[in-house]
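Contents: one structure, followed by commentary.
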Amino acid sequence: MSFKSTLCAATALSLVTAGSAFADGHSKTITIATVNNGDMIRMQGYTDTFTEATGISVEWVTLEENVLRQRVTTDITTKGGAFDIMTIGMYETPIWGANGWLVALDDLSDEYDVGDILPAMAGGLSHEGTLYAAPFYGESSMIMYRSDLMEKAGLEMPDAPTWEFIGEAAAAMTDRENEINGICLRGKAGWGEGGAFITAMSNSFGARWFDESWNAQFDTDAWANTLNFYKDMMDSAGPTGYATNGFNENLSLFQQGKCGMWIDATVAASFVTNPKDSTVADSVGFALAPDTGLGKRSNWLWAWALAIPAGTQQQAEAKQFIEWATSKDYIELVAANEGWANVPPGARTSLYENPNYQSVPFAKMTLDSILSADPNDSTVDATPYVGIQFAAIPEFAGIATEVSQEFSAAYAGQQTIAVALEKAQAITNEAMEAAGYR
Amino acid sequence: MARSVTTQRKALTTVAAWTIALIIFFPIYWTILTSFKTEAQAINDPPLFFAFDWTLENYSVVQERSDYMKFLWNSVIIAGGSTVLGILIAIPAAWSMAFVPSQRTKDILLWMLSTKMLPAVGVLYPISLIFVKFDLLDTRGGLLVVIMLINLPIIVWMLYTYFREIPGEILEASRMDGATLKEELLYVLTPMAIPGIASTLLLNFILAWNEAFWTLNLTAANAAPLTAFIASYSSPEGLFFAKLSAASTMAIAPILILGWFSQKQLVRGLTFGAVK
């Protein structure tokens with residue numbers, strides 16, 4: 001083949017691929033953007049059941065949480081229309097609902113029983129009383145602890161412990177020779193990682209992000225007490241390098257028997273009690289997240305929920321899917337095939353009234369944790385924002401990521417707690433001023 | 001004596017080269033190894049090197065959950081199409097800069113390279129809006145053009161460097177023999193530059209294959225390539241390292257095989273002008 005014909009062939013190939021590529025049509029199926037976690041993946045496995053019942057096909061776009069957040073935010077703000085349903089959380093839903101970017105879910109069928117959604121979840125996924133996303137599953141945070149190590153330490157975990165008790169228990173359970181850390185907590189930078197944990201913890205110490213005039217509150221004793229308590233406890237009883245540990249790192253440590261206690265998302269309960277993956281599955285106990293006696297606990301509230309972007313052309317089909325995926329029937333379907341421990345938790349009141357589900361070891365504590373979290377009243381002193389581990393304003397994710405980086409640097413010993421708090425105060429006030437809040 | 005020093009130096013260089021190569025290869029090796037473990041073995045401490053029960057379960061789960069061939073085909077079209085299109089545009093551009101330079105040629109080359117210094121996220125919204133406006137979102141064609149454009153400066157630079165090695169007198173001679181510009185490019189310059197074009201093609205194909213910003217942000221269900229396939233197995237809430245490793249191994253396998261068979265051309269392309 002001469003060079004000229006090679007070049008012609010290459011040009012033709014390029015034009016053909018480009019041509020076929022531009023010819024991509026939009027299918028009639030609905031496209032759903034979602035996160036990669038166990039419950040969502042399980043739902044994908046049951047898509048055929050939905051398609052058989054309705055004739056509507058479903059295309060899944062599964063992405064890692066942070067990538068998903070960036071992707072769906074770009075799509076909704078540019079009115080891209082790439083997705084008919086988006087999986088979003090409690091942070092985005094009220095903000096996007098207020099902006100008119102989401103379709104209101106105010107006409108769901110009677111069979112769906114919207115009143116059965118746990119009030120805390122419905123409240124966090126609404127704006128001015130209108131529901132904008134239906135919870136697929138919800139979570140709070142709680143203490144998961146090794147009952148055998150607790151017993152060995154001569155202690156008994158109360159159902160609702162204080163931070164003081166947790167500090168003492170962590171010290172008593174730590175056994176450096178056998179690589180057992182008394183407590184494992186998130187320290188990793190990121191508003192949804194260590195930032196979420198320390199914000200929820202600070203609520204129980206009487207701290208808050210903003211006063212009622214949107215002034216940052218990192219110069220208060222409450223914040224200093226929170227961070228000093230956290231760092232002192234983790235330095236003496238936490239794992240090495242805890243400043244970079246997030247959910248997965250702590251899950252891995254706990255499953256290998258290297259943590260006495262772990263305070264994190266309630267969904268982790270099914271992982272740590274699964275004998276296939278966890279070496280300590282038969283000796284895990286649960287308790288409410290700790291407090292300091294000020295009336296607020298350090299647990300958060302979160303839901304992964306399904307919402308319809310306002311620009312979709314397939315609103316009716318999207319609503320049909322949401323009604324199916326977040327229904328009581330779906331829960332029954334999963335329970336029948338995979339057992340009650342594997343149904344999506346934390347979304348419906350009826351699930352916790354079901355005797356079958358009540359026999360699941362972590363069911364009660366999960367519900368109690370969810371019920372004890374109120375996004376509209378999460379702090380000891382009054383605030384102008386809604387949210388427990390976040391403030392539901394668009395600027396929060398950026399600010400909290402920077403602030404959590406300063407905190408993580410302090411955990412790692414690169415700066416003092418006082419310096420980290422000073423920087424956090426300056427970062428937050430500057431950003432709030434630039435955004436026009438102050 | 002001189003001979004023994006040379007041998008010693010050679011041995012040292014060989015050891016150093018192997019050490020560096022093994023360090024670079026280790027993450028790939030570890031990914032492949034992890035893909036044959038269970039999720040519990042994947043996070044075992046101390047890490048398991050060989051003494052574990054090898055399993056193909058992760059590959060089976062990944063195959064069952066995802067349409068691998070669809071992602072693979074998208075990758076082939078996007079990487080292949082953008083490479084060919086880029087080469088077609090870059091050859092005349094590099095020719096003019098190498099053989100008929102102006103006073104501003106170097107400035108233009110530097111300016112082209114400077115576009116690579118802008119973080120991609122800085123133009124995410126403008127590009128997204130253009131894609132929405134022209135209905136290009138989630139199409140392979142739109143993505144192919146974007147990937148071609150972001151790699152074009154590198155293609156032009158590589159070809160320019162290679163063309164500079166070709167004596168201008170040969171082109172002058174062809175002109176004196178009556179060759180037109182088109183004939184000069186097609187029959188004189190390009191055949192002489194085939195090794196350079198081939199290595200540029202390969203390197204650009206690898207860059208396009210691995211591109212993971214635009215391919216994630218401008219696609220959904222139809223045009224998503226293998227980068228999106230990998231991203232779908234990453235999770236901050238749940239330990240799916242073994243499955244993620246299986247997906248990664250499946251995504252990099254085609255490009256590893258291509259790289260293995262074309263290493264000579266790749267090395268030549270990457271060392272243009274390094275030795276005079």
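Here, each number is a calculation from the coordinates, and none is a lab measurement. All values reported here derive from a predicted model rather than from experimental measurement. Neighbour counts run over all protein chains shown; Cβ positions are idealised from the backbone, glycine included.
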- Which whole-Hz couplings ³J(HN,Hα) result when phi for each residue of the range B:192-198 is put into the Karplus expression 6.51 cos²θ - 1.76 cosθ + 1.60, θ = phi - 60°, listed in order with x for Gly and Pro? 5, 9, 3, x, x, 5, 4
- Using θ = phi - 60° and the Karplus curve 6.51 cos²θ - 1.76 cosθ + 1.60, what whole-Hz ³J(HN,Hα) does each residue of the range B:22-38 get, with Gly and Pro shown as x? 5, 5, 5, 6, 3, x, 5, 4, 5, 4, 5, 4, 4, 5, 9, 9, 7
- Task: Relative to the longest principal axis of the C-alpha atoms of chain B, give the angle of the C-alpha long axis of helix B:105-114, reported between 0 and 90° and rounded to the nearest 10°.
- Result: 10
- Query: B:Ala231: net charge of surrounding residues, Cβ under 12 Å, Lys/Arg +1, Asp/Glu -1, itself excluded?
  - Reply: -1
- More than 45 angstrom apart: percent of Cα pairs within the protein assembly as shown: 31
- Query: Just the Cα atoms of the range A:258-324, one point each, no solvent: what log10 I(q)/I(0) does Debye give at q = 0.15, 0.16, 0.21 Å⁻¹?
  - Reply: -0.72, -0.75, -0.90
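DSSP loop (so not H, G, I, E, B), at most 11 other Cβ within 10 Å: list which trypsin sites (Lys or Arg not before Pro) in the range A:256-355 pass both filters.
Numbers: sites: A:Lys258, A:Lys276, A:Lys296, A:Arg297, A:Lys319, A:Lys328, A:Arg348; in loops: A:Lys258, A:Lys276, A:Lys296.
Filter output for the range A:256-355: A:Lys276.
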- chain B: relative contact order from alpha carbon pairs under 8 Å, six or more residues apart, as a whole percent, is 31
- Note on the structure: Sorted by chain and number, the residues with a modelled amide H under 5 Å from that of A:Ile263, at a separation of 5 or more or across chains, are A:Met144, A:Cys184
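Suppose only helical runs count, i.e. DSSP H with n ≥ 4. What mean residue ellipticity at 222 nm does that imply for the protein assembly as shown under -39500 (n - 2.57) per run, divided by all residues and rounded to the nearest 500 deg cm²/dmol?
On the way: 32 runs with 386 residues, N = 714.
Value at 222 nm, helices only: -17000 deg cm²/dmol.
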- One finds, for B:Thr14 and B:Leu256 with R0 = 25 angstrom and r their Cβ-Cβ distance, a FRET efficiency to the nearest 0.05 of 0.60
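Longest exposed-loop-site-free stretch of chain A, with GluC sites (Glu not before Pro), DSSP loop and at most 13 other Cβ within 10 Å? Kindly include the intermediate steps, with their values, before the conclusion.
Working: sites that count: A:Glu111, A:Glu128, A:Glu156, A:Glu179, A:Glu212.
It works out to A:213-438.
What Kirkwood hydrodynamic radius, in Å, does the range B:66-232 give when the mean of 1/r is taken over all pairs of distinct Cα atoms and then inverted?
Working: mean 1/r = 0.0578 Å⁻¹.
The answer is 17.3 Å.
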- Query: What is the fewest-to-most order of B:Val121, A:Val114 by other Cβ atoms lying within 10 Å of their Cβ?
  - Reply: B:Val121, A:Val114
- Task: Be a star and scan the range B:20-47 for residues whose amide nitrogen sits under 15 Å from the point 7 Å along the Cα-to-Cβ vector of B:Asp53.
- Result: B:36-42
- Whole-Å distance linking the alpha carbon centroid of the range A:155-223 with that of the range A:335-365 is 28
- Using alpha carbons only: equivalent-ellipsoid semi-axes of the range A:396-438, gyration tensor based, whole Å: 21, 10, 5
- Counting Lys +1, Arg +1, Asp -1, Glu -1, what net charge surrounds A:Ala160 among other residues with beta carbon under 11 Å of its beta carbon? -2
- Cβ-defined net charge surrounding B:Leu181, 14 Å radius [Lys, Arg +1; Asp, Glu -1]: -2
- Query: In degrees from 0 to 90, rounded to the nearest 10, what is the angle of the helix A:328-338 Cα long axis to the longest principal axis of chain A?
  - Reply: 80
- Message: Quick one: the Cα spread of the range A:260-382 along its three principal axes, in angstroms, biggest first?
- Response: 50, 44, 26
- Item | Part-to-part distance (alpha-carbon centres) for the range B:221-240 and the range A:70-121, which is given in Å | 23
- Query: Among A:Asn178, A:Asn356, A:Asn248, which one moves the most in a GNM of chain A with springs linking Cα atoms closer than 10 Å?
  - Reply: A:Asn178
- Query: Does anyone have the angle between helix A:221-237 and the longest principal axis of chain A? Alpha-carbon axes, 0 to 90°, nearest 10?
  - Reply: 90
- Share antiparallel - DSSP beta bridges, the protein assembly as shown, percent rounded to 5: 70
- Query: Could you give the alpha-carbon Rg of the range A:313-360 over 2.2 N^0.38 Å, rounded to two decimals?
  - Reply: 1.30
